[in-house]
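Have a look at the structure below before the remarks.
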């Protein structure tokens, strides 16, 4: 029998701090998801009348529909992935997953013309992938630089 006393594992976090972290991650990820889906911010950019019945949409509306969701959703997805901190421990792995899945879906949009589906699945836009990278990069910065410094239990 070994009689050498080993120190306790001090890297384990307390249950209240784990619950607080999980609550923060859920509020961020699900709140941003709700915001992008249910909050009609594009109405702020839309004109109230369409002359001649041909509304093309304002520049703000086009930017919101085209690129802001591509920035916000990978940001929220990164924080949702952070909930699985036990199986994906490094920020690099979480960032790769949060960037890889939307990027593969975007590349799939470029290839869907090869297979007849009978419905519109979107169109490939290289700037979408750039926005995915920016969203994930911003999420990593917020997690590593902001939350890690402000919140002691992070």
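The values are calculated or read from the model by the stated rules, or taken from the named source; none is laboratory data. Computed from a predicted model, the values in this text were never measured in an experiment. Glycine also receives a Cβ, built like all others from the backbone with ideal geometry; neighbour counts cover every protein chain displayed.
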Which residues, taken from the stretch 88-124, are loosely packed, with under 11 Cβ neighbours inside 10 Å, part of a loop (DSSP other than H, G, I, E, B) and modelled with pLDDT under 85? 115, 116, 117, 118, 119, 120
Is one or more of the residues making up the stretch 137-144 under 13 Å from the mean Cα position of the chain (by Cα), modelled with pLDDT of 95 or more, more than 26 Å from residue 17 (Cβ to Cβ) and part of a helix (DSSP H, G or I)? yes
